[in-house]
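The values are calculated or read from the model by the stated rules, or taken from the named source; none is laboratory data. Just so we're clear, the structure is a prediction, and the values are computed from it rather than from any experiment. All Cβ positions, glycine included, derive from the backbone under ideal geometry; neighbour counts span all protein chains shown.
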Amino acid sequence: MREITVIIIDDHPIARQGLLAIFKTDPTIKVVGDAHGAQEGVNKTMATKPDIAIIDIEMSRDRKDGFVIARELRETGFTGAIIFLTHLNEKYSFEKFLRSGEKGYILKNDSPKQIIEGTKTVASGDTYISAEMLKKLPAHYNREGADINRVHLTPREIEILESLIKYLTSKEIGQRLGIGHRTVEKHLQNLHEKLNLRSKDSLIAWWHANRPLCKSAPTT
């Protein structure tokens, strides 16, 4: 596997040192910088252009949280992937992550193996969410959407959902599956009606929660 370059933006020295120590155990991951503040993080990221920026959500310095820093990075032209690092495993922050369209959500109490796995998953272009967070998802979303045991998803609908959690547009999904974007939109409309969900965010959250329970879903 090619070398993955990473920058760490976290205002807690112990957290930064911990991540540096974890990544040193894997020769395919290279930390090209670390920052303790928002502006420093943006400046170093744009200077080093890493594959991944790992950003602490609970940044207190500069009064900017990780979501604000991520948005500033995108506005500045950063095209790499972003992983949010947090100790928060509650619904509010996770929903903000879903709305952000970024690729990774890792908890600070995840094991070194999980953190490395998550980093490599995001580097490959896929979405990674902490296993602890995934366990909580059904509790967060079980009142929204249909019961997975009471709906039948077609193979095409599963392909649509699998593409959707990679945050692809309808056009990109169509290109990936070899169908027109209007056909994709029709499938999405059917999924909204079938699952009783109104938005793409809710479809993504529902699939993250129910994907492990769907026998037809591909394994990763």
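Can you name every residue in region 147-158 that is in a loop (DSSP other than H, G, I, E, B) and loosely packed, with under 15 Cβ neighbours inside 10 Å? Result: 147, 152, 154. Listed conditions (1) in contact (Cβ under 8 Å) with a residue 12 or more places away in the chain; (2) more than 17 Å from the chain's Cα centre (by Cα) are all met by residue 75, apart from (1). With respect to being farther than 29 Å from residue 22 by Cβ, modelled with pLDDT of 95 or more and not basic (Lys, Arg), residue 169 falls outside the description.
Within region 3-25, being surrounded by fewer than 21 Cβ atoms within 10 Å (Cβ to Cβ) and of a type in the set (Asp, Glu) holds for 3, 11. On the basis of being at pLDDT 85 or above and outside any strand (DSSP E or B), does residue 110 make the cut? The answer is yes for residue 110. Filtered by the rule that a residue be surrounded by fewer than 22 Cβ atoms within 10 Å (Cβ to Cβ) and assigned to a strand (DSSP E or B), region 113-135 gives a lone residue, 129. So residue 162 fits all but one of (1) within 22 Å of the chain's Cα centre (by Cα); (2) more than 30 Å from residue 111 (Cα to Cα); (3) modelled with pLDDT of 85 or more; (4) not hydrophobic (A, V, I, L, M, F, W, C); what number is the exception? Looking at each condition in turn, residue 162 falls short on (2). Every residue in region 2-27 that is in contact with a strand residue (DSSP E or B) (Cβ under 6 Å, 6 or more places away or on another chain) and of a type in the set (Ser, Thr, Tyr), please. The one that is in contact with a strand residue (DSSP E or B) (Cβ under 6 Å, 6 or more places away or on another chain) and of a type in the set (Ser, Thr, Tyr): 5.
Any idea how many residues of region 47-75 are surrounded by fewer than 17 Cβ atoms within 10 Å (Cβ to Cβ) and touching a helix residue (DSSP H, G or I) at 6+ places or on another chain (Cβ under 6 Å)? Matching residues across region 47-75 total 2.
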